[in-house]
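The values are calculated or read from the model by the stated rules, or taken from the named source; none is laboratory data. The structure displayed is predicted, hence computed values, not measured ones. Here the Cβ positions follow ideal geometry from the backbone for every residue, glycine too, while neighbour counts run over all protein chains shown.
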Amino acid sequence: MKAKQLNLVPLYVTLLAMSATAIFAIVAKSSGLVLNVTGSMPDLVYKLGLGEKGSLVSFCSPIPHPSIGHGACPDGSMPLIKRVVGVAGDLVTATDAGIDINGQPVPNSRPLDLDTKESALPHLRGSFSLKQGDIWTAGEHPNSFDSRYFGPVKFPRDDHHNRTRESSFRFADG
């Protein structure tokens, strides 16, 4: 009677795929790349900036909200990926019509009353003079949970989810 041989190829392929994924994750993180798993940004992979206007930053939300998915932030939420639209020295005005920075309107910044899951969104109104270490963020999507709801963000902060890197670029066609 012949002994039945185990086919170890699927196991080897699985181990190789897991090893490759782990190596990619380590290299990506050390290069400032982040993976976007939400619909709030149009692409899948982003390179973070230094916190200058136009760059992308990743940070933990300063306030909790049910629209933020589960992740590795201290409160159990997912880090946000947003574009920096205001920096130190800028005057930000938040009204029912949207956000102005130094008198210039920010596109798609009119605040909404409810998020896509019908949860109430906070209402932030007033003028904010951004100080050293403050940034104002905006999402790429009109439904984004960004500074129009929680105000300026201290950046970089001490939590390990706030990251800055070289200038931003896009991998995927958006």
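Specify the residue that is farthest from PRO142 (Cα to Cα); the eligible residues are those in the range 104-120 that are among the small types (Gly, Ala, Ser) and in contact (Cβ under 8 Å) with a residue 12 or more places away in the chain. Per the stated criteria, the residue is SER119. Here is the figure for the range 96-117: residues that are in contact with a strand residue (DSSP E or B) (Cβ under 9 Å, 6 or more places away or on another chain) and surrounded by 13 or more Cβ atoms within 10 Å (Cβ to Cβ) total 10. Residues in the range 45-59 that are hydroxyl-bearing (Ser, Thr, Tyr) and modelled with pLDDT under 90: TYR46, SER58. If we keep just the residues of the range 60-70 that are surrounded by 15 or more Cβ atoms within 10 Å (Cβ to Cβ) and modelled with pLDDT under 90, which is nearest to the chain's Cα centre (by Cα)? This residue is ILE68. In summary, ALA88 fulfils each of the numbered conditions (1) assigned to a strand (DSSP E or B); (2) aliphatic (A, V, I, L, M); (3) at pLDDT 90 or above with the single exception of condition (1). Do we have LEU91 as in contact with a Ser or Thr (Cβ under 6 Å, 6 or more places away or on another chain) and surrounded by fewer than 18 Cβ atoms within 10 Å (Cβ to Cβ) here? Here the answer is yes, as LEU91 does meet what is asked.
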